[in-house]
C-alpha cells in the first residue's frame, strides 16, 4: 500500500479529530488495554475513539503517534490483509516514539484478526471498531486469543441524549416544574427520533436515520452476506417492525413475506433475521418459561434504536414505547433480559429481569379500566405464583402512581423517569 496515501488518511483524521467538540459519554477505557468497540453503525464508536485521542494528546502523546485508519475511506478501497504491514511501516516513518493504532471499521478487511492478534502479541497499543456481531463470535475470540477487551457501544441513552441537547437532568431538575417540563419534552423527542448522536445536527432527523438504515440494509446486510433478493430482506425487516410487542416465529415471518409477493423460505427467514442481528439493526429476547426449542424459535424482536423503528410506523406510539423500554433494559442486561408468557397460567409480562427480580409491563396509558385490569392482572398473578419476583412496574408515557391490588404493590412510572431519573437507580 502506498505510504503517502496512508499518511494522507492519517493526517486528515488528525485534522478532523482536533476540531471536534465531543459530548462525554458513559464509557470509560482502562489505560494500556487493547479494545474492540462493536455496535450499530453510527452509534458513536468512532467518536469515542476521537475523545480518547483528544485526552491522550492533552496528556502528552504527540499527534504523530496517533495512527488512525478508517477502512471505509475510499482511498483504501484496494486495501487487503497483506497491506497491514504498511501501516506499521508508515507509523515508523512518522514517529520514533511508540505509536497508538486506531483501526476503524476493520471488519471490511478479510483476515484482520490475524494482524490484530500479532499486534497485541507484540505489545502494541491497538483500538478497533466494527459494526458486525461476528466480531464477538467464539471463533473470533479464539483467534484473538483473549488479547482485547470488548466494549459494546449503543446510540445515546436518555441521560446522554439530555447531555447532548443541553437539558438539565439532575435531581433539582426533576423536582422543578419548568425544568421537569423540558425533561418530559426531551423524552417525547427521544421516543420518536431515537438516539443516534449525529442526528441531533439535522433539522429533519428522519432523513438522517433513513440514510443510516439504507447503509445498514444494503451495506452491512445485503453486500456483506451476498443476499441476492434484497426485496425479501426489506419486507422481512418491515414485518418485524410491524410485530413489535409480539413473539413471532420464522415460519410466520416467511409466510408474511411470501404473502406480500416475495417468496421466502423459513430457512432464509432465519438467516436474514440473524444477519440483521449481526448488523445490530435488531435484537431479540426469549420467553423465560419456554422450553429451549421454543426459546430459540419464537422470540420477540426489537429495534436497536427508536428512530429506525419509527421509519416503519404510523401513529404506533404504543410500539415505540415498548421498544424504548426494551432498548433501555437490553443495554443494561443484554441476554439476561426476558419476557414471561405462560399459556398454562395466562400470565403475559412484557419484560422480566431475573438479575433484579423485576417484572415490567408497558402500557401507553391506564385510563381505561379494562386496560388497567389486564396490565395489572398478570403482574398480580405473577407475584402470587412466582417467588423470584420482588418488584412490579408499569411504564406509561406520562402517568405516575402506586397501585395496591390485593396484597401487591405496583409502581407506575412515566417513561422519562424510567429512562433517566434518580428514583430509578435500581435499573
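Taking neighbour Cβ counts within 10 Å as the exposure measure, how do 403, 52 sort from fewest upward? Present the calculation step by step, with values, prior to reporting the outcome.
On the way: 403 17, 52 21.
Sorted ascending by nearby Cβ count, the order is 403, 52.
To the nearest 10 degrees, how steep is helix 45-58 against the longest Cα principal axis of the chain, on a 0 to 90 scale?
50 degrees
Can you give me the distance in nm between label points at residue 263 and residue 26, each placed 7 Å from the Cα along the Cα-to-Cβ direction?
Once both label points are built, they end up 4.8 nm from each other.
D for segment 247-402, whole µm²/s, Stokes-Einstein with Kirkwood Rh over alpha-carbon pairs at 25 °C and 0.890 mPa s: what number?
146 µm²/s
If neighbour count is taken as other Cβ atoms inside 10 Å, put 352, 11 in order from fewest to most.
11, 352
Per residue, what volume in Å³ does the convex hull of the Cα atoms of segment 181-319 enclose?
Dividing the Cα hull volume of segment 181-319 by its residue count gives 126 Å³.
Using 0.36 nm per residue of separation minus the Cα-Cα distance, give me the extension gain between residue 317 and residue 176 in nm, one decimal. Please report the intermediate quantities before stating the final value.
Values: separation 141, 0.36 × 141 = 50.76 nm, distance 2.69 nm.
Taking 0.36 nm per residue and subtracting the Cα distance, the gain is 48.1 nm.
Below 8 Å between Cα atoms, with a sequence gap of 6+, how large is the relative contact order for the chain in percent?
Relative contact order for the chain comes out at 13 percent.
When the convex hull of the C-alpha atoms of the chain is computed, what volume per residue in Å³ does it have?
164 Å³
Most exposed first by the Cβ proxy, i.e. fewest other Cβ within 10 Å, how do 384, 284 rank?
Placing the least packed residue first, the sequence is 384, 284.
Quick one: if the Förster radius is 22 Å, what FRET efficiency do residue 344 and residue 409 give, using the C-beta to C-beta distance and rounding to 0.05?
Given R0 = 22 Å and the Cβ-Cβ separation, E is 0.30.
Compute the acute angle (0 to 90°) between the alpha-carbon long axis of helix 112-121 and the principal axis of greatest extent of the alpha-carbon atoms of the chain; round to the nearest 10°.
So the helix axis and the longest Cα principal axis differ by about 70 degrees.
Relative contact order (percent) for segment 190-302, with alpha-carbon contacts under 8 angstrom and 6 or more residues of separation?
Over segment 190-302, the number comes to 24 percent.
So, in nm, how far is label residue 399 from label residue 365 when the simple model puts each one 7 Å beyond its Cα toward the Cβ?
0.9 nm
Rounded to the nearest whole Å³, what is the per residue volume of the convex hull around the Cα atoms of segment 110-264?
Each residue corresponds to 190 Å³ of Cα convex hull volume.
Taking just the alpha carbons, could you work out the radius of gyration and Dmax for segment 336-427, both in angstroms?
12.4, 38
Mind checking the angle between helix 84-94 and the chain's longest principal axis? C-alpha axes, 0 to 90 degrees, to the nearest 10.
Tilt of helix 84-94: around 60 degrees.
Give me the log10 of I(q) over I(0) for segment 3-153 at q = 0.13 Å⁻¹, as the Debye formula computes it from C-alpha points; what are the numbers?
-0.55
Normalised by the residues of segment 3-153, what does the relative contact order come to in percent, with Cα pairs under 8 Å and at least six apart?
36 percent
What nm distance separates the two modelled labels at residue 19 and residue 218, each placed 7 Å from Cα along Cα→Cβ?
Label at residue 19, label at residue 218, 2.9 nm between them.
Per the helix-only calculation at 222 nm, which mean residue ellipticity applies to the chain, given -39500 (n - 2.57) for every DSSP H run of n ≥ 4 and division by its residues, nearest 500 deg cm²/dmol?
-13000 deg cm²/dmol
Read-outs throughout are calculated quantities, based only on the coordinates presented, and are distinct from any laboratory measurement. Being a predicted model, the structure only gives us computed values, none of them experimental. We place every Cβ from the backbone using ideal geometry, glycine too, and count neighbours over all the protein chains shown.
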